[in-house]
């Protein structure tokens with residue numbers, strides 16, 4: 001497929017996250033017409049193409065370990081007039097998946113970039129969660145290191161809107177344990193295996209969810225965590241009590257905020273605003 005102007009078009013094509021029927025007619029049309037498909041895992045993409053009888057495509061691996069060199073190769077192919085479809089293993093490319101570098105380079109080179117919309121796991125999870133969706137934040141994958149994870153969870157608790165994040169199966173238990181120790185009364189949502197055979201939505205406190213998953217032996221698969229607004233001033237009551245005790249002990253507002261930040265790892269702006277109110281009262 002050639003664009004007819006000497007330079008090809010880069011199509012950013014969303015693919016199913018589980019159920020193969022969740023592909024758009026337009027995505028299939030584009031995949032049939034392009035000559036090159038840039039994919040995260042060629043075996044995964046081959047399964048999808050074979051399922052829909054799409055053959056004879058040049059498949060080029062494009063993942064986080066070869067992004068730089070693969071981008072250069074794909075830009076050359078686009079400049080030669082080849083249309084390219086960028087796909088990830090599942091869902092919308094570049095959303096917590098490789099592809100950003102190629103899209104950015106294409107834009108810089110004056111190559112037309114066309115989105116072919118479709119499935120995205122976090123949007124699917126939000127839409128059926130029952131949590132507020134008028135305003136939300138997509139956090140991406142939660143941090144791997146425990147210190148950073150603690151900071152992230154504290155930060156998420158301070159937001160006055162729903163936050164949605166991804167977590168890998170081998171880190172989910174650790175995340176729920178930490179969440180239970182920080183916010184034992186926070187009711188969150190957990191979506192697993194969206195659109196697949198074992199799709200399930202669980203809602204409850206972190207400790208309850210962990211117990212249920214362990215009993216069912218279901219700590220495997222893809223997980224989407226949904227955090228509704230945490231509540232009281234977007235900060236836990238523990239922080240408020242801590243600040244009040246510091247005030248009683250004669251600490252200044254500035255000193256109290258500094259100590260609270262060290263202890264709770266919360267954003268300074270949120271802490272200062274809460275401390276100001278408490279110290280004024």
Against the condition under 20 Å from residue 15 (Cα atoms), surrounded by fewer than 17 Cβ atoms within 10 Å (Cβ to Cβ) and either more than 17 Å from the chain's Cα centre (by Cα) or in the same structural domain as residue 29 (by TED's automatic domain parsing) (or both), how does residue 115 come out, does it pass? yes
Which ones in the stretch 172-201 are crowded, with 16+ Cβ neighbours inside 10 Å, farther than 18 Å from residue 230 by Cβ and touching a strand residue (DSSP E or B) at 6+ places or on another chain (Cβ under 9 Å)? 172, 191, 192, 193, 194
Give the residue that is farthest from residue 238 (Cα to Cα), with candidates limited to residues of the stretch 140-161 that are without any contact (Cβ under 8 Å) to a residue 40 or more places away in the chain, exposed (fewer than 15 other Cβ atoms within 10 Å of the Cβ) and out of contact with any helix residue (DSSP H, G or I) (no Cβ under 8 Å at 6 or more places or on another chain). 145
Within the stretch 202-228, considering residues that are more than 19 Å from residue 18 (Cα to Cα) and buried (at least 17 other Cβ atoms within 10 Å of the Cβ), the one nearest to the chain's Cα centre (by Cα): 226
Could you tell me which numbered condition residue 137 fails, if it satisfies all but one of (1) in contact with a strand residue (DSSP E or B) (Cβ under 6 Å, 6 or more places away or on another chain); (2) without any contact (Cβ under 8 Å) to a residue 40 or more places away in the chain; (3) assigned to a loop (DSSP other than H, G, I, E, B)? (3)
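The values are calculated or read from the model by the stated rules, or taken from the named source; none is laboratory data. Worth saying up front: this structure is predicted, and the values here are computed from it rather than measured. Glycine also receives a Cβ, built like all others from the backbone with ideal geometry; neighbour counts cover every protein chain displayed.
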